[in-house]
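Worksheet: one structure, shown below.
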Amino acid sequence: MNTGRTVVSQLVEFLPHQQFQKCVDRYGGSRYLKNLSCWDQYLAIAFAQLTYRESLRDIEACLGSIGSKLYHMGFRGKVARSTLADANEARDWRIYADFAQVLIAIARPLYELDPIGVDLDQSLYALDSTTIDLCLALFPWAKFRKHKAAVKMHTFLDLRGNIPTFIRITEGRVHDVNILDEIMPEPGAFYVMDLDVDFERLFFLTLSSAFFVVRTKANALLQRRYSHKIDKSTGVRSDHTVILTPFGSASVYPDALRRVTFLDVETKKRFKFLTNNFTLPALVIAQICNNWEPISTKTVVRPQARRRFLSEARALPPLIFGTMINSSTVTFESST
């Protein structure tokens, strides 16, 4: 029998409690429900996620069975299911969103020198989105289709450590490209997106001195201007300087683009990439977009989002940002 510290208590010790309290004070989280602090609320949500609890009653029963170990896990009060439900509904979700950003700022420097499988010194970000399917009976406010409810979580991942740097929760109908309007591009950084992005938003990245690598649209009309030497033994099949030919596209993106065609020898699939970077080798451009896999939190968030204890509108954001906090906490432990 294990007589040492619980896993939860070992994870909690990595969290900066003073920074969490600053987030609580910023949004007045201690004004209501004084018998359940924001810290205890987060610990209950984290415990529910890590142990796959099914309901409020399940959380209450499982925490109650631990008994005296609750104090060593960080709890300073008893967690009742009714009080936890009220806290999920009443407390400001921005407390946990801000705290997640605090932990992200701590975690990113731990991985800034980690290899990413590409010979690249600049920062590399990937836009990923996760549609979280919900039960329409429990989440009528998140109607997505006639018989389906959903919300969408858009995330910019720093591929050095796969750490989220930007998180936005929207309605399920919001397209991924709209999130580009809400970020401030980092000059010199590379942004990879495995989706159809309109050229007006791509030109904004160019004007911001940032670089992008995207897959070419199937219906994109491009005119070749120059051809560059390639080494076909690397899998690169072409490296062209192109321009957009349709008037609408050329008017919003008047500059030249670079198109790289790459053949994956293992799968025999041919990929075409567009970028505004003309200095990196063609193989590196292909590796940037071809080597990364979309990383989502669907496997963590989606099952928990369907639980009955999260059927209120304001209960879902604390869960999602609580997931990010848990992910950052595990990141701290794995880096030590």
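The values are calculated or read from the model by the stated rules, or taken from the named source; none is laboratory data. Quick caveat, the model's predicted, so the values are computed rather than measured. FYI the Cβ positions are ideal-geometry reconstructions off the backbone, even for glycines, and counts take in every protein chain you see.
A few notes on this one:
- Residues that are closer than 18 Å to PHE278 by Cβ and either out of contact with any helix residue (DSSP H, G or I) (no Cβ under 9 Å at 6 or more places or on another chain) or outside any loop (DSSP other than H, G, I, E, B) (or both), drawn from region 238-254: SER238, ASP239, HIS240, THR241, VAL242, ILE243, LEU244
- For the condition assigned by TED's automatic domain parsing to the domain that holds VAL12 and more than 24 Å from LEU15 (Cα to Cα), ARG57 qualifies.
- Applying the condition of being more than 26 Å from the chain's Cα centre (by Cα) and surrounded by 13 or more Cβ atoms within 10 Å (Cβ to Cβ) to region 48-68 and asking which residue is nearest to THR6 (Cα to Cα) yields ILE66.
- Set TYR226, TYR253: member being without any contact (Cβ under 8 Å) to a residue 60 or more places away in the chain, surrounded by 16 or more Cβ atoms within 10 Å (Cβ to Cβ) and either more than 23 Å from PHE190 (Cα to Cα) or hydroxyl-bearing (Ser, Thr, Tyr) (or both): TYR253
- Residue ID - surrounded by the most Cβ atoms within 10 Å (Cβ to Cβ), chosen from residues in region 195-207 that are touching a residue at least 24 places away in the same chain (Cβ under 8 Å) and out of contact with any Asp or Glu (no Cβ under 8 Å at 6 or more places or on another chain): LEU202
- In region 115-149, the residues that are within 17 Å of the chain's Cα centre (by Cα) and part of a strand (DSSP E or B): LEU124, TYR125, ALA126, LEU127, ASP128, SER129, THR130, THR131, ILE132, ASP133
- For region 208-227, the tally of residues that are over 21 Å from LEU120 (Cα atoms) and outside any strand (DSSP E or B) stands at 6.
- Region 25-47: number of residues that are under 23 Å from the mean Cα position of the chain (by Cα) and over 20 Å from TYR71 (Cα atoms): 0
- Candidate set: region 152-180, residues that are in a strand (DSSP E or B), under 16 Å from ALA142 (Cα atoms) and hydrophobic (A, V, I, L, M, F, W, C); chosen: the one nearest to the chain's Cα centre (by Cα): MET153
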